[in-house]
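Reading through the structure tokens given below for one structure.
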Amino acid sequence: MQKEQKANTNNMTDYEVATAFLGEWGLFQQHVFFLLCLTFIPNGFTGMSIVFVADTPPHRCVIPANLNLTAAWRNRSIPLELDSNSGALVPSKCSRYKLGDVLSFSDRGFLPGVDVNMSNVPTESCLDGWEYDQNVYISTIITEWDLVCDDRWKNPLTSSIFFCGVLTGSFISGQLSDRYGRKIVLFVTMAVQTVFTFIMVFAPSWPMFCALFFIVGMGQISNYVAAFVLGTEILSPKVRTIYSTAGVSLFFAAGYMLLPLFAYFLRDWRMLLLGLTLPGFLYVPLWWFIPESPRWLLSQGRVEEAEAIVRFAAKKNKIKPPPVIFSPSQKDLQCETSKALNICDLLRSPNIRWISLTLWLVWNTLTIAYFALSLNTANLHGNAYFNCFVSALVEIPAYTLSWVMFRWWSRRWSLSSTLFMGGLFLLFVQLIPANLVYLSITLEMMGKCAVTTAFAIVYAYTAELYPTVLRNTALGACSMASRIGSIIAPYFIYLRSYSVSLPYILMGSITITSGLLSLLLPESYGMPLPDTITHMQHFPGCCKKTPYKLTHTEEKEKVAEGKSPVFP
């Protein structure tokens, strides 16, 4: 059994041994690293654009200008109601005093509150529509299609439909990428995201907008996962850690931080979407500079194409490649890896099944917390643009911390501790008095920082746990399972209308629970990157096999260098 396991591990590291002559950080790796990172910038501002596109400005019922009312009655034509958040009396957003009665009182010279008891005047809905405050926005989809009052349920549904598209994209793109290649799926889905965002600018109605937004969601997650896996597989072990944690995430955060800048200068939602679309067309030339994954090509038996890419990389790095790059054992490995695998293989054996189910639950919780906190920035006290920028800014230290933890600490403890701390901060928010708004915002941003750190870690951790033959499908499946959380995340914010503290209590509780659950996952720190299902680490209680460990000589070398064999 030990001989069989050692043979498996030797096969697993064959690719990295065969390509070690390229070095860690040559010109080829630098170009691939930065060009792939650039593809994440549009994901940052496209996914969160709904914060401004579908924000609800202050509004009230329209009182027709041609109605012959005195100034006193026109100013008192809207009833006052108790605001559930502040507890103060504010003008109603969804009702007005019955205009027939108000006009009658005005014509007879009665004064509101003096001659007429306003509590006895009947009310009616906004039969003539709404008027919206334009101090912040010229227009949003809310103001254009009156998605307020009886139609306010359409606001969170808009975001949920986008995440339904993300769910669908996660399901489809992973399998397509594992079957047809990382590169082609990356560029096709980038084109889908860009083109359909552009078409959204001309959406004539809310249903059409949602249909297009669904397709944008499909494209967005598909190119994110494809680019993530492509970089993970093509870059050298040392650079892989930086790319999969800090690199990907920091460029996503850069796009996120650009969003409030775009939104500040483009306050009409159609112009905002148009402005966010244009950068996508600049990515077309990258097709000729980003290569396919040699690992994936080898798994498909396309050895000559894989060797051609490695030889090109050697030429770019000004290194002479050996006459034979891939050994016969690596070529023989294609017999297993070239078999067509699909999402069902993630549940076939007990080991991979329990790993998959646990990761799906953890991903689900992370998406609830991350997207609910991100979408909530428009509801926070203060300027919406500044709040969104701060929400994006806290991701910078989060992603930096994720790289530090991933570089030097256990994967399980990194994920568990950040989830636990994030949940703790969110639970503390509802304990802060209502008058200390800036303290509650600070705690919410600290919670967002911790959750974002966990999100960056879980992406790279998942890529380490699954083998090459299923890695893209597995990441797509995890992303797909997590979209249940992102679909319901807008409704967590919707709960604010009933209780301001309720979303924080729910998010904090499930985040802490997931942090404890993540401790059951196998450790991947210091382990080789698996190429096939038999190389995977084992879930507790599923297998009595001893995970492969480095030989004494290998261990001494890695300790002396301060590295782990795959993700140093």
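Entry remark, the range 219-244: residues being under 15 Å from the mean Cα position of the chain (by Cα) and either at pLDDT 90 or above or more than 15 Å from Ser159 (Cβ to Cβ) (or both) number 9 in total. One residue alone among Ser509, Ser440 is in a helix (DSSP H, G or I), free of Cβ contacts under 8 Å to residues at least 12 places away in the same chain and polar (S, T, N, Q), and that residue is Ser440. Quick one: would you say Ile172 is open to solvent by 20 Å² or more (accessible area, probe 1.4 Å) and part of a helix (DSSP H, G or I)? Against the criterion (open to solvent by 20 Å² or more (accessible area, probe 1.4 Å) and part of a helix (DSSP H, G or I)), Ile172 qualifies. Regarding Phe110, is this residue at pLDDT 80 or above, among the aromatic types (Phe, Trp, Tyr) and closer than 30 Å to Tyr385 by Cβ? It is false that Phe110 is at pLDDT 80 or above, among the aromatic types (Phe, Trp, Tyr) and closer than 30 Å to Tyr385 by Cβ. Here is the figure for the range 398-412: residues that are touching a residue at least 24 places away in the same chain (Cβ under 8 Å) and open to solvent by 10 Å² or more (accessible area, probe 1.4 Å) total 9. Restricting attention to the range 237-251, does a residue exist that is open to solvent by 30 Å² or more (accessible area, probe 1.4 Å), without any contact (Cβ under 8 Å) to a residue 60 or more places away in the chain and either of a type in the set (Phe, Trp, Tyr) or outside any loop (DSSP other than H, G, I, E, B) (or both)? No: zero hits. Pairs are defined by a Cβ separation below 8 Å, a sequence spacing of at least 6 or placement on different chains, a first member in the range 118-138 that is over 17 Å from Arg96 (Cβ atoms), and a second member that is open to solvent by less than 90 Å² (accessible area, probe 1.4 Å) and at pLDDT below 85; the pairs so defined are Val136/Ala384.
Only one entry in Ala434, Ala463 is in contact with a helix residue (DSSP H, G or I) (Cβ under 8 Å, 6 or more places away or on another chain) and not aromatic (Phe, Trp, Tyr), namely Ala463. Would the range 80-92 turn up any residue that is in contact with a helix residue (DSSP H, G or I) (Cβ under 7 Å, 6 or more places away or on another chain) and modelled with pLDDT of 85 or more? No. When the range 372-392 is limited to residues that are free of Cβ contacts under 8 Å to residues at least 60 places away in the same chain and either over 17 Å from Gly47 (Cα atoms) or of a type in the set (Val, Ile, Thr) (or both), the one that is most open to solvent (accessible area, probe 1.4 Å) turns out to be Asn383. Looking only at the range 285-301, residues that are open to solvent by 60 Å² or more (accessible area, probe 1.4 Å), of a type outside the set (A, V, I, L, M, F, W, C) and modelled with pLDDT of 80 or more come to 1 in all. If you go through the range 110-130 and keep only what is open to solvent by 50 Å² or more (accessible area, probe 1.4 Å), in a loop (DSSP other than H, G, I, E, B), more than 15 Å from Val62 (Cβ to Cβ) and not aromatic (Phe, Trp, Tyr), you end up with Leu111, Gly113, Val114, Asp115, Asn117, Pro122.
Among the residues of the range 38-69, the ones that are among the polar types (S, T, N, Q) and under 19 Å from Asp128 (Cα atoms) come to 3 in all. Which of the residues that make up the range 209-220 are open to solvent by 10 Å² or more (accessible area, probe 1.4 Å) and either without any contact (Cβ under 8 Å) to a residue 40 or more places away in the chain or aliphatic (A, V, I, L, M) (or both)? Answer for the range 209-220, where residues must be open to solvent by 10 Å² or more (accessible area, probe 1.4 Å) and either without any contact (Cβ under 8 Å) to a residue 40 or more places away in the chain or aliphatic (A, V, I, L, M) (or both): Ala211, Leu212, Ile215, Met218.
Only one of the listed residues (Ala434, Ala477, Ala481) is farther than 30 Å from Asn383 by Cβ, aliphatic (A, V, I, L, M), modelled with pLDDT under 80 and open to solvent by 10 Å² or more (accessible area, probe 1.4 Å). That residue is Ala481.
The values are calculated or read from the model by the stated rules, or taken from the named source; none is laboratory data. Please read these numbers as outputs of a predicted model, since none were measured by experiment. FYI the Cβ positions are ideal-geometry reconstructions off the backbone, even for glycines, and counts take in every protein chain you see. What goes into the accessible areas is simple: the full protein's heavy atoms, side chains included, and nothing from ligands, DNA or RNA. Shrake-Rupley method; radii C 1.70, N 1.55, O 1.52, S 1.80 Å.
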